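The values are calculated or read from the model by the stated rules, or taken from the named source; none is laboratory data. Remember, predicted model here, so these are calculated numbers, not experimental data. Virtual Cβ from ideal backbone geometry, glycine too; neighbours counted across all protein chains shown.
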Amino acid sequence: MNKVITKALITSAVSAAVIAGSVQAASITAVSWGGAYTKSQVEAYHKPWAAATGNTIVSEDYSGGLAEVKAQVEAGNVTWNLVDVELSDAVRGCDEGLFESIDASILPDGADGSSAADDFLPGTVTDCAVGNIVWSTIVAYDGSKMSGVATMADFFDTAKFPGKRGLRKGPKPNLEMALMADGVPAKYVYALLNTDAGIQMAFDKLDTIRDSVIWWEAGAQPPQLLADGEVAMTTAYNGRIFNAVAAEGKPFEIMWDGQVWDLDLWVIPKGAPNMAETLDFIKFSTGTQALADQASWISYGPVRKSSAALVGSYHNQPDLDMAGHMPTAPENFGNALQNDFEFWADNQDQLNERFNAWLAK
Amino acid sequence: MSTTKELIEQDGISLKDKLAKATKVQKRRALLLTMPLVIFLLVSFVMPIGQMLWRSVHNPTVSNVIPNFAIAIQQWDGNALPSESVFEVFVKDLVTAKKNREIGKTVGNLATRINYDIPGSRSLFTSTARKAKKLKAPFKESLLKLNKKWANPTLWLSLKRNSKDLTPAFYLAAMDLKYDERGNIVKADDLYQIYMSNFIKTIKLSAIITAICILLAYPIAYVLSVLPLRQSNLLMICVLLPFWTSLLVRTTAWIAILQTQGVVNDILVFLGFLSDDGRVQMIYNQTGTIIAMVHILLPFMVLPLYSVMKTISPTYMKAALSMGARKSYALRKIYLPLTIPGLGAGTLLVFILAIGYYITPALVGGEDGLLISNLIAYHIQKSLNWSLGAALGAILLVTVLVLYWLYNKLIGIDNLKFG
C-alpha cells in the first residue's frame, strides 16, 4: 500500500513539473537607448506583445556602440536577446560576425496589403537587421526668444543670431552640417567629405563659431541647455526636443533644414538564446500597427510606408497631430541628408582623432 | 673566539631545528589563510589586466581571416606589388573568408583591422570580398581592374606587416607615430597628434587638482582633529555626505550652479559685481572640470590626513612653543613632518583617481574635458579598437607606476598611513 502511494506521489510530482515546464513563458531582454525613446518602445511594442503571447520582455538601457555585444559574443555568454542599434553599427556588426542573420521573408505584409519587401523603406532591412524608426539630428532653438531661423547657414551666423551654439562633441554630423551651411547641396556633401579639401572646408567652417560652442555628449543635454538658456541654438535628436515640447510644454522650435537622418534597427547578438521568441517579437514590433503606435509616443518616423496612414496624435493630447513632427514628413524633408554609414565606417576613427586634435588646440 | 654551544632539548633535537619546524607550520598556515585572497586577486585583477595587455600586442586578424595569404606574402620583398601567385592566394582566401561568419574570422574583421592603418580601406575589402567569387585568373590583373585602389603598394605593405601575430603598431599609434609608405616609423601628421599631448594634459590637470585638494583639505582635517568629539563628528558627517550621493547627481548640480544663467552668476549680477552681459563662464571649460573634480576628490584627501592628525599628540607642538619657536616655525618643522604619512596617502589616492576620471570632465569640461581616459573609453566602447585602448591603458599604467616609484623614492612607501 505504501509503495503504491509513494509511486503515485512521485508520478504526480514529475508530471506537475513537466506541465509547469512546458507552459513556462520565455523571457527576452531588449536593449535600447533609454529615456523617452525606450518609453515609446515599452508602450508600443513590449506591453502589447507580452500581453498577446504571455512571454515576458525586459528592457535594458545602453549608450550605443557594439562594445557590450562584442564582449558577450566573444565570451560566448550572451544575455541580450535584442539590441536597437544605428545603421552603421548594424552593418559593421553584421560584417564582423557579431549578429545572427535574419531571414527577411518572415516579416509580415503591411496592413495595406503590400508585401514586406515593398512596404519597408529601401535600405531598412539588411542581412542581420530589421529597421524600426527614422530619427534625425536637427537644429533646435527657443521659439519664445528668437524667430526667423530658416537655414543651416543661420546656425553658423552668430552675427545675425547672437548667442552660444550647442554641438555634439564629435565629427558626426557636425562636418556634414558645416558643409551644408557653406551652401553645399545635400547630395554632394559626402562626395566632398571624401576629399581632403572638403574636410578642411568643414573644419574651417566649424572654426568660425568655435568660441561660442558648448559641446554636449548625452542626448538629454541639448533640451536642458536650451531650457537653462545656456545656448541660443543647438543640434539635438528630434525626438528629445519633441518630448520637451509635448510632455513638458517648452516653447522649443525645430529647424528642419539640413537635417541629418539615420535609421535604428533591431539586431540579435550571435548565440543569443530564445531565438524563436525574439524573432516573433521582431515580427510584431516592426508590423504596421506597432510602428504607427510608437509614433504616438515620440516623433520618430516608422520605416513602413503603410504606417504613415495610421499615425495619429500624441498619446495623451488628441489635438497634437504627430504627422507634421516626423523627420520624413514632406514639409520637413526638403533639404535632408541621409547619414552615409559606409563613409563613417571607413573614416570614423581617423576623423575622430582629427576632431579631438582640433578641439585640443 | 667564542663558540656558541648548540642547545639540545631533552628529546635530542636541537632548539634551532624545533624553532624552524614551528615557524614552518606558522608560515604554511599564514599562506593558506591568504591563498583565497591571492587567488581572488589573480582571477579578478591580474588575469583580466594581463589579457588586455596581451591584446595590445596580439594581432592575429590577418592570419586568422586569410591564413594562406599570411604565409605567402612573407615571400614578397616589399618592392612594387606582390607576384601573381600571391594575388591568387589572396583572392582564394577572400572567397573562403566571405563564407565564414565566426567572430574574429570574418572579412569585416580584416577590413576593420587594415582600416586602422589605411583609413578608407574598409569598404574596399568588403566590396571586393562580395565580388571575389567572380574573379578569374590572371588574378592580379582582374583585382586591379575591379578596383584600382589595390594597386597601392602601401596597402600590401600593411597586409604584409600585419600578417605577423605580434605588432608594435598599437603602441606606435598611442605615441602619435605611424608607418609611412615605405614602412618606416615616422611622426603622425600634425592634424592627428592627440595622444601624447593628452597624456601630459591629464597629468598636469591631475597635479593641479591634487595640489588644490591638499591646500583645502589640510585646514579641514586640522580643524576636525582638534575639535571636541561631538562637533568633529558633526563636521565629519558633512565631509562624508557627498559620498552618499550619486556621482552624476553631484556633477549635474555643479552644472546648475556654475552655468552662465546659474546660481553663482545670478547672485553676482544681483549684487552688482557683474553686468548681465558680463557673466563669467565657469562651466564647460577647464575651470568647471577643476571645481567639480576637487569637490568629488576632497574627501579622499581629508580622511587620511584626519586620521593621521588625530594620532599626533598636542604635546609636541606645545613643547616646541615652550622652547621658544614661533608658531609658523613649529608648524613647519614639527607638525608638518608628522603628517607626511597621511599627506602621502591622500596625494597618492587623489592623483591616481584623478588620472582615471572621465565622466565628470566629459560632462562639465566642454572643449577641455577630453582626458586620456575619455580616449581609452572611446576606443573600448565606440571604435572597438580594443588593442589601441589596451595600448593607451598600458602606457597609463606604466606612467602611474613610474610616478609611484618616484613617490616611493621621495617619501617612502613604509611611510604610508591610511588611518
* Flag for A:Ile282 being of a type in the set (Val, Ile, Thr) and within 14 Å of chain B (Cβ to nearest Cβ) -> no
* **Filtered residues of region A:225-238 (kept if in contact with a strand residue (DSSP E or B) (Cβ under 9 Å, 6 or more places away or on another chain) and either outside any loop (DSSP other than H, G, I, E, B) or within 17 Å of B:Thr360 (Cα to Cα) (or both))** => A:Leu225, A:Leu226, A:Ala227, A:Met233, A:Thr234, A:Thr235, A:Ala236, A:Tyr237, A:Asn238
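Considering only residues that are in a loop (DSSP other than H, G, I, E, B), under 28 Å from B:Arg279 (Cβ atoms) and under 24 Å from the mean Cα position of the chain (by Cα), which ones fall in region A:158-185? Don't jump to the end; show me each part of the working.
In the first step, residues of region A:158-185 are kept if they are in a loop (DSSP other than H, G, I, E, B); the result is A:158-164, A:169-173, A:182-185.
Retained after the next criterion (residues that are under 28 Å from B:Arg279 (Cβ atoms)): A:158-164, A:169-170.
Within region A:158-185, A:Lys169, A:Gly170 qualify.
Kindly indicate the residue of region A:84-108 that is among the charged types (D, E, K, R) and more than 12 Å from chain B (Cβ to nearest Cβ) and also surrounded by the most Cβ atoms within 10 Å (Cβ to Cβ) among those meeting that condition.
Looking only at region A:84-108, we keep the residues that are among the charged types (D, E, K, R), and these are A:84, A:86, A:89, A:92, A:95-96, A:100, A:103.
Applying the additional criterion that residues be more than 12 Å from chain B (Cβ to nearest Cβ) yields A:84, A:103.
Working: A:Asp84: 23, A:Asp103: 8.
That would be A:Asp84.
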* Asked: Failed condition for B:Glu141, given (1) away from chain A (no Cβ under 14 Å); (2) in contact (Cβ under 8 Å) with a residue 60 or more places away in the chain, with all others met?
  -> (2)
* Asked: closer than 30 Å to A:Glu74 by Cα and within 14 Å of another protein chain (Cβ to nearest Cβ) - does that describe any residue in region A:218-241?
  -> yes
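Just give me the residues in region B:381-398 being of a type outside the set (Gly, Ala, Ser), in a helix (DSSP H, G or I) and modelled with pLDDT of 90 or more, in sequence order.
B:Trp386, B:Leu388, B:Leu392, B:Ile395, B:Leu396, B:Leu397, B:Val398
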* Asked: Could you list, in sequence order, the residues of region A:186-205 that are assigned to a loop (DSSP other than H, G, I, E, B) and either of a type in the set (Ser, Thr, Tyr) or surrounded by 18 or more Cβ atoms within 10 Å (Cβ to Cβ) (or both)?
  -> A:Thr195
* Asked: Could we say that B:Thr210 is within 20 Å of the chain's Cα centre (by Cα) and either more than 14 Å from chain A (Cβ to nearest Cβ) or farther than 18 Å from B:Ile291 by Cα (or both) here?
  -> yes
* Do we have A:Gly54 as more than 26 Å from the chain's Cα centre (by Cα), closer than 30 Å to A:Val311 by Cα and at pLDDT 90 or above here? -> yes
* Asked: What number of residues within region A:142-157 are assigned to a helix (DSSP H, G or I) and touching a residue at least 40 places away in the same chain (Cβ under 8 Å)?
  -> 3
* Structure fact -> Just one listed residue, out of B:Ile194, B:Ile114, is crowded, with 19+ Cβ neighbours inside 10 Å and in contact (Cβ under 8 Å) with a residue 60 or more places away in the chain, and it is B:Ile194
* Before we move on, is A:Lys39 under 20 Å from the mean Cα position of the chain (by Cα), among the basic types (Lys, Arg) and either surrounded by fewer than 15 Cβ atoms within 10 Å (Cβ to Cβ) or within 14 Å of chain B (Cβ to nearest Cβ) (or both)? -> no
